[in-house]
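Data block below; observations after.
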Amino acid sequence: MADLLDDLNLTSEEQMFREEVREFLAENMTDELRRASHFTMWALSEFEYGKRWQKILHQRGWGAVHWPKEYGGAGWTRMQKMIWHIECIQAETPSVMSMGRDLCAPCIMKFGTEEQKAFFLPRILSGEDWWAQGFSEPGVGSDLRALQMRAESDGDEFVLNGSKIWTSFADHANRIFCLVRSGSGPKKHDGISFLLVDMDSPGIEVHPITTIAGDPEFCQVFFNDVRVSKSRLLGKENEGWDVVRHLLAYEHGGGGGRSVSLFGRYNWLREVATLESDGAGGRLIDDVDFGRQLAEMRIELEAVSFASDELSKRARAGEPPSRVSELLAIRSRLVSQKMTELAMRAVGRYGIPLQQGARKVIPEVDPIGPEHVLKPMPFYLGQRAGTIAGGTDEIHHNNVARHVLGL
Amino acid sequence: MDFVLTDEQKMFGESLNKFFQSEYAFADRQETIQAGNGFSPELWRSLADLGVLALPFDPAYGGFGGTAVDNYIAFEAMGRALAAEPALSTLVLAGTLLNQASNQAQKEELIPAIVAGELIVGVGFYEPQGRFNLNNCATTAVKSQGHYLISGTKSVVYAADTADKFVISARTTGDPLHEEGISLFFVDADAYGLTRKSYPTVDGFMASELYFDEVCVPTTSLTGEVDKGLPLIEEAVDAAIVASCAEAVGNMSALIERTLEHCKTREAFGQPISSFQVIQHRLVDMTVACEHAAAITMRAAKLFDSGENERSAAAAAAKVQVNKEAEFVGPNAVQLHGAMGMTEELDVGHYFKRLVVLGSSFGDTHYSVRRYMNKAGL
Ligand SMILES: Cc1cc2nc3c(=O)[nH]c(=O)nc-3n(C[C@H](O)[C@H](O)[C@H](O)COP(=O)(O)OP(=O)(O)OC[C@H]3O[C@@H](n4cnc5c(N)ncnc54)[C@H](O)[C@@H]3O)c2cc1C
Ligand SMILES: Cc1cc2nc3c(=O)[nH]c(=O)nc-3n(C[C@H](O)[C@H](O)[C@H](O)COP(=O)(O)OP(=O)(O)OC[C@H]3O[C@@H](n4cnc5c(N)ncnc54)[C@H](O)[C@@H]3O)c2cc1C
């Protein structure tokens, strides 16, 4: 990781900035926050700790560093953001529940009314509001345009009926952005509206769902005659798909940051192999076969990293990520999953005990085996979502075929 | 695929599959697991009634004298049903030792009890520092005045929380990595000085760490020749590899069945997702994978009695190939189910997890490739 930054040829101002970031992280990162980050099995850390971290970031003025300055963003250069990102990964900062900050906020900035911007954006920044993403439904995932949840117009209100599912952390959210069917038209996405809904509205019920990694990662959210003011429309009535397009570009994109995370993951994998025995008195990391696999992994990573860095250097600030990044992400997701598989195999039989209690931020029981065996198995299982959530691997292939290859 | 089996074997397999289909629902399995018993005593009794518990044992002690092929049939059926029962340890690992190593008194005492469903045996061959190496045995058994004192740790021992007895490896002479000098002992679960730390496993079983602190056992609890335990352990583990690979084949067949069904009924873009060619080809590749997992495992079952090296090479080959196929079938079954495949509610994730765990049981791919090269003389 350290060499990653050295490669970047920082100017002396950038060096100073880096020192500032490091100081901030050293002062504010606690063992608990680090542990919350370490044991993040899919995308979001244990909510309480993400929340705590967001407060700390906000106090420093770094609550949403990517936002434009006028809304409270940090106003950093691309390089500063890169430094920030690398240092955060190195310091293992928690993954904050990000659907408000990273998905909803850019849409509010582009499509929101002045009132909406003034009301919602500061609350996201401060960690007062936590947004869930209400897109998928029981019958509808990849084919989002076919969504069914009804919004009947009733004066200046909508009445919502139906349900959303796989809604990450909805049990912690106080707001949810929902795609609803409010009308119809010749195209499937005609008649979809984008609504900003309060989770405490009468008629909403939330049922957590446990993943194969053992975490209550997402929920089903039921809507029964839920009334929402039309002032909560984002964009125009029945033209919510325009907003979705904007949002999906952010969700599917990812850009240059991803490869930095991959290096973080690689370092962790190495560390696991360093701590793990080879079964004959040595360390697994010194095993010839394992070492070769690790080296091959590293090479894949260099390719992924170089490709995405080049792409992000070409990107212009403020623009949604390009379609090519969707192409690159197909590979980076795969590499990312492969590393979790290697780590899972590295810990061998000690991946077998179910250790949910031991990997809590405040552990409920002692670990079975050494501490480093706690993460790889649930992480491997949880990261299977990497090729499902945020668009499946197959759908990304379809998109690249259409938009990049012109098929 | 239809292998060359006797009519009797075919009927046995069919009746087991029928039994599980009608008597062992996924919901019941999950309830049993939630209750924390580690297995279902009722199901275990039914397995006794069906003769599964008698399968590998010598008819002289109430067994059926079944072969590795018969084991294959039983374990494939259990894999299909995702049965979370202590069959691998009691019937295959302990069973092989009882058949091959134990004296008449031990056989008379233990086999009929197992056959009747009254005795569960946990097996401790592996240790925390040893990864998959069976000769990495730091647990010691020191002889003193008509008994042995056993000290050491055994890791991730399945069914240990409900076991009445254990059979474990312990070093009677030599350094911790020596191949010579390992002996096998039966130890009562309630022996003084033996503590177990039990926990649920990722695949829905219960397992334990076993801590032996100068546990005193009579010399009669030694099974097999003193210092000559390793070849016996290897045979037991080979048998477990074949049985667990058959179980994995059962897991994969069930996963493919469910995934096929799901793809035919789940609609996206106005059509069943099974109409997309990428899905069709994936399902075909999953089926190809499963058939070859079945083939290499049946091969190992049929070669089981053909001499030590050939047996072990065939078992190691099965292990390597089945791991590879399972690494394709398991994740893709989840993938084609979308988010639903990621949930604890659906059986698919549980089949997947069992496959993942089997991939790290009795050797991972690395270890097994080396073992194959060694045993096949490559
Ligand atoms: C951990 C996790 C968190 C999530 N969080 C959220 C959230 O916060 N909010 C939210 O709205 N959703 C969330 N989701 C849902 C996610 O967006 C959907 O799972 C995803 O869009 C896929 O939909 P699906 O699960 O219904 O799968 P389906 O669409 O049913 O797909 C099933 C299979 O069919 C394949 N398939 C479908 N169409 C095609 C095609 N045309 N060609 C080839 N193959 C095809 C898919 O690739 C997949 O393999 C989350 C999912 C996960 C796993
Ligand atoms: C060494 C050799 C010997 C041969 N000998 C004979 C012979 O003795 N007699 C004879 O009659 N022919 C022979 N062939 C020809 C052979 O049968 C054809 O090459 C074959 O049928 C494919 O046809 P094609 O080459 O026109 O490819 P195409 O049919 O044009 O296919 C091109 C590509 O598209 C793919 N494709 C086509 N349709 C689909 C689909 N529906 N879904 C997905 N993918 C698809 C194919 O898989 C292929 O990758 C021989 C070919 C070779 C290479």
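Worth a mention:
- Residue match in the stretch B:1-24 (condition: small (Gly, Ala, Ser) and not in a helix (DSSP H, G or I)): no
- Output for the stretch A:129-161, where each listed residue is surrounded by fewer than 23 Cβ atoms within 10 Å (Cβ to Cβ), more than 16 Å from ligand 1 (Cβ to nearest atom) and either under 19 Å from the mean Cα position of the chain (by Cα) or outside any loop (DSSP other than H, G, I, E, B) (or both): A:Arg150, A:Glu152, A:Ser153, A:Asp154, A:Glu157, A:Val159, A:Asn161
- Number of the exception - A:Ile212 against (1) away from ligand 1 (no atom under 14 Å from the Cβ); (2) under 30 Å from B:Phe352 (Cβ atoms); (3) not basic (Lys, Arg): (1)
- For first residues located in the stretch B:17-39 and hydrophobic (A, V, I, L, M, F, W, C), partners that are outside any helix (DSSP H, G or I) and lie 6+ apart or on another chain with Cβ distances below 6 Å form the pairs B:Ile33/B:Gly204; B:Phe39/B:Glu85; B:Phe39/B:Pro86.
- B:Leu303 being of a type in the set (A, V, I, L, M, F, W, C) and more than 14 Å from chain A (Cβ to nearest Cβ): yes
- Flag if A:Asp171 is within 16 Å of ligand 1 (Cβ to nearest atom), at pLDDT 95 or above, under 30 Å from A:Glu394 (Cα atoms) and in contact with a Pro (Cβ under 8 Å, 6 or more places away or on another chain): yes
- Some residue of the stretch A:336-345 being within 16 Å of ligand 1 (Cβ to nearest atom), small (Gly, Ala, Ser) and within 12 Å of chain B (Cβ to nearest Cβ): no
- Which listed residue is surrounded by fewer than 18 Cβ atoms within 10 Å (Cβ to Cβ) and of a type in the set (Asp, Glu), from B:Glu247, B:Glu257: B:Glu257
- For B:Phe328, the conditions (1) buried (at least 19 other Cβ atoms within 10 Å of the Cβ); (2) within 30 Å of A:Ile209 (Cα to Cα); (3) away from ligand 1 (no atom under 12 Å from the Cβ) are fulfilled apart from (1).
- Any hit, the stretch A:378-397, residues being more than 10 Å from chain B (Cβ to nearest Cβ) and under 30 Å from B:Ser208 (Cβ atoms): yes
Residues are listed down the side, and each one gets a yes or a no for (1) in contact (Cβ under 8 Å) with a residue 24 or more places away in the chain; (2) within 16 Å of ligand 1 (Cβ to nearest atom); (3) not assigned by TED's automatic domain parsing to the domain that holds B:Phe57:
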position	(1), (2), (3)
B:Glu209	yes, no, yes
B:Glu235	yes, no, yes
B:Gly250	yes, no, yes
B:Cys263	yes, yes, yes
B:Phe269	no, yes, yes
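- Residues of the stretch A:343-374 that are crowded, with 19+ Cβ neighbours inside 10 Å, among the charged types (D, E, K, R) and without any contact (Cβ under 8 Å) to a residue 40 or more places away in the chain: A:Arg345, A:Arg349.
- When B:Ser169, B:Ser151, B:Ser198 are checked against the criterion of being surrounded by 21 or more Cβ atoms within 10 Å (Cβ to Cβ) and touching a residue at least 12 places away in the same chain (Cβ under 8 Å), a single residue qualifies: B:Ser169.
- Unique residue being more than 23 Å from B:Leu97 (Cβ to Cβ) and away from chain A (no Cβ under 14 Å) when the list is B:Glu225, B:Glu261, B:Glu267, B:Glu234: B:Glu261
- The set of residues in the stretch B:25-71 that are in a loop (DSSP other than H, G, I, E, B) and among the aliphatic types (A, V, I, L, M) comprises B:Ala25, B:Leu50, B:Leu55.
The values are calculated or read from the model by the stated rules, or taken from the named source; none is laboratory data. What you see is a predicted model; the values in this text were computed from it and never measured. Cβ sites come from the backbone with ideal geometry, for glycine too, and all protein chains shown count toward neighbours.
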